[in-house]
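Accompanying notes for the structure given below.
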Amino acid sequence: RFYNMVIDLVTSFVLVVRNFFLLIFYPYKTMRKISFEKDYYQLLVISILVFLYFKFIYFLRNKPYPATLIFLFFLFNFFLTVFFFYFLSKVFEKKLNWKSFVFTFSYSLFPTLVWFLSTSILYIFLPPPRTFSILGKGFSIFFVAYSLSLLIWKLILVYLAVRFSSKQNFFRIVYMIILYLIWFLPYSVLLYYFHFF
């Protein structure tokens with residue numbers, strides 16, 4: 001029993017890594033396939049990766065809250081987002097599977113995870129303040145371009161996550177995302193104020 005569970009978990013880890021790279025080169029085709037996914041071990045693998053990041057950042061910087069508490073808060077926010085889009089989509093389409101939202105939004109976390117992990121590693125090797133030399137300015141340009149590319153990738157994945165899970169057209173998806181941002185942005189500022197994120 002335990003052996004089979006370990007095999008399933010390792011297999012799912014390989015699938016998550018494969019999907020990660022496929023989302024870079026073939027986001028449309030890959031996210032569409034993910035929207036039909038039923039392997040819950042993949043969700044477990046992604047959750048473990050996120051948890052490990054919170055543990056890593058906890059030891060890297062002075063945090064007022066334990067990593068486990070931040071992770072639980074992250075899960076709360078994640079499912080809040082999932083159910084927001086699920087119930088809003090139900091207004092337009094009755095036959096929806098909420099599990100599809102969970103899978104697609106889980107994979108849409110990768111750009112965010114990559115960005116935060118890379119900036120945390122840079123914090124170790126290139127801690128602020130950074131100089132205004134040619135190398136310093138060159139690094140700043142590179143970092144801005146790198147951040148923008150991940151932001152664009154994130155927006156693409158979020159759009160595709162909503163697209164394939166909600167089965168709605170472009171304008172309804174944009175409308176739902178705008179409604180989401182109206183309450184999420186002030187909510188994020190509040191969380192930042194209390195040092196949660």
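The values are calculated or read from the model by the stated rules, or taken from the named source; none is laboratory data. None of the values given here were measured: they were computed from a predicted structure. Note: ideal-geometry Cβ built from the backbone for every residue, glycine included; neighbour counts use all protein chains shown. For accessibility, only protein heavy atoms count, side chains too; no ligands or nucleic acids. Shrake-Rupley method; radii C 1.70, N 1.55, O 1.52, S 1.80 Å.
On inspection, Ser188 passes the criterion of being more than 19 Å from Ile34 (Cβ to Cβ) and modelled with pLDDT under 95.
Condition (residue is acidic (Asp, Glu), open to solvent by 30 Å² or more (accessible area, probe 1.4 Å) and under 19 Å from Met176 (Cα atoms)) applied to region 91-98: is it met by at least one residue? Yes, region 91-98 contains at least one residue that is acidic (Asp, Glu), open to solvent by 30 Å² or more (accessible area, probe 1.4 Å) and under 19 Å from Met176 (Cα atoms).
The criterion of at least 2 residues that are small (Gly, Ala, Ser), closer than 26 Å to Gln168 by Cβ and under 11 Å from the mean Cα position of the chain (by Cα) is met by none of the helices (runs of 4 or more DSSP H) falling completely within region 53-126. On inspection, Leu148 qualifies as part of a helix (DSSP H, G or I) and open to solvent by 50 Å² or more (accessible area, probe 1.4 Å). With respect to (1) open to solvent by less than 90 Å² (accessible area, probe 1.4 Å); (2) free of Cβ contacts under 8 Å to residues at least 24 places away in the same chain; (3) within 26 Å of Ile24 (Cα to Cα), the lone exception for Met176 is condition (2). Any residue at all in region 11-22 that is closer than 18 Å to Tyr159 by Cα and open to solvent by less than 50 Å² (accessible area, probe 1.4 Å)? Yes, because at least one residue in region 11-22 is closer than 18 Å to Tyr159 by Cα and open to solvent by less than 50 Å² (accessible area, probe 1.4 Å). Annotation note: Cβ proximity below 7 Å between a residue of region 32-61 that is among the basic types (Lys, Arg) and a residue that is part of a helix (DSSP H, G or I) and open to solvent by less than 30 Å² (accessible area, probe 1.4 Å) (sequence gap 6+ or interchain) occurs for Arg32/Phe164; Lys55/Ala67. Open to solvent by less than 70 Å² (accessible area, probe 1.4 Å), within 14 Å of the chain's Cα centre (by Cα), within 23 Å of Leu150 (Cβ to Cβ) and not acidic (Asp, Glu): is that true of Ile46 in this structure? When the stated conditions are applied, Ile46 passes them.
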